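Report on the structure given below.
Coordinate-derived values only; no laboratory data. The structure displayed is predicted, hence computed values, not measured ones. Every residue, glycine among them, receives a Cβ derived from its backbone with ideal geometry; neighbour counts consider all protein chains shown.
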Amino acid sequence: MRSSNPVFTRTDFGADQRGYGYDTEPRLADYESMTLQDVVNKSFILLILLVGVAIATITIVPVQALSGVAVLCSVAALVAALVVSFRRKVSAAGVVVYTVLEGAVIGAWSYILESMYPGIVFQAVLGTFMAAAATFVAYRFGGVRVRGKFARGVVIGMFAYVGVALVNLVFSFFGNSFGWAGVGAGAGAIAWVSAGIGVFLAVASLVMDFDEIERGVRMGAPRQESWRAAFGLMVTMIWLYTQILRILSFFRND
């Protein structure tokens, strides 16, 4: 099976594993296939770690340093995500490092916006899980899939989005940001467009995550790959949360 999702591209999801139906040779007795429960358990562990680091960040880091922490950890998290995504063998340690870095980003970013717009973090968390639940229902019962050329387009869009965001970040250091990552009622049209595109890409990626996990379980991917599956969900959910957080800020007065 060849994956269109960059998180699963360099994995054993596409290898000839037990249960794929292509190989009838006996397998080693100690071979363990990935199960849905494995993915759920590891996703829960990563979520707890993410929240714990977020809380620790806003507790330990001085308020005036939070924005700097968010920027530095965002860049480091991007590097960690790319390393995990394109490694042939999944690294549980790499997944944990990514989650810790993103926990710091989410904690700092959420604290800053919560200080500006009280109650917005709870709304964003609720909105994120509602959107994820609706996406799962559409996938499970509505037959919604993101495959083929559409999937490749989504992947290209994701990399393009990140590229534009990085360019915007560099420009912001010189006071020339073009508003791609803007927040608040006065963010401007570009911020609205970027947030809308971000949500669309996150939802499409979530559908791809569900599809890859289902096929990985069905085809007997190695149990270790459940770490990569959980990582893929974590990346998507964090992205979705940050975009919903931004959109909610557009309706708040500065």
### Query
Given springs between every Cα pair under 10 Å in a Gaussian network model of the chain, which of ALA191, ALA54, ALA93 has the largest fluctuation?
ALA93
## Note on the structure
In a Gaussian network model of the chain with springs linking alpha carbons closer than 10 Å, the residue among ILE213, ILE244, ILE156 that fluctuates most is ILE156
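Using square roots of five times the C-alpha gyration tensor eigenvalues, list the equivalent-ellipsoid semi-axes of the chain in whole Å, biggest first.
Values: eigenvalues 227, 75, 55 Å².
That gives 34, 19, 17 Å for the three semi-axes.
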### Task
Please report, to two decimal places, log10 I(q)/I(0) for region 172-254 at q = 0.19, 0.25, 0.26 Å⁻¹ as given by the Debye formula with identical point scatterers on the Cα atoms and no solvent.
-0.81, -1.10, -1.15
### Query
R0 = 35 Å: FRET efficiency of PHE200 with ILE60, Cβ-based, nearest 0.05?
0.50
### Query
Got a sec to turn the phi values of region 156-166 into Karplus ³J(HN,Hα) couplings, 6.51 cos²θ - 1.76 cosθ + 1.60 with θ = phi - 60°, whole Hz, x for Gly and Pro?
4, x, 5, 5, 5, 4, 5, x, 5, 4, 5
### Query
What number, in nm² with one decimal, is the all-direction average of the projected area of the convex hull of the alpha-carbon atoms of region 142-184?
4.6 nm²
### Message
Largest first, please: the extent of the C-alpha atoms of region 91-237 along each principal axis, to the nearest Å.
### Response
51, 33, 30
### Task
Taking H placed 1.01 Å from N in the peptide plane, check which residues at least 5 places from MET219 or on another chain put their amide H under 5 Å from its amide H.
none
## Note on the structure
Residue-normalised 222 nm signal for the chain, counting each DSSP H run of n ≥ 4 as -39,500 (n - 2.57), nearest 500 deg cm²/dmol, is -24500 deg cm²/dmol
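Enumerate by residue number the trypsin sites (Lys or Arg not before Pro) in region 46-144 meeting two conditions: DSSP loop (anything except H, G, I, E, B), and at most 12 other Cβ atoms within 10 Å of the site's Cβ. Don't skip to the end; give the middle numbers.
Working: sites: ARG87, ARG88, LYS89, ARG140; in loops: ARG87, ARG88, LYS89.
Listed in order of number, the matching sites are ARG88, LYS89.
Counting other beta carbons within 10 Å of each residue's own, what order do MET34, MET116, MET219 fall into, fewest first? Let's see the in-between values first.
Numbers: MET34 27, MET116 14, MET219 21.
Ordered from fewest to most neighbouring Cβ atoms within 10 Å, MET34, MET116, MET219 come out as MET116, MET219, MET34.
Multiply the residue gap between SER177 and VAL164 by 0.36 nm, knock off their C-alpha separation, and tell me the result in nm, one decimal place.
Length gained, SER177 through VAL164: 3.6 nm.
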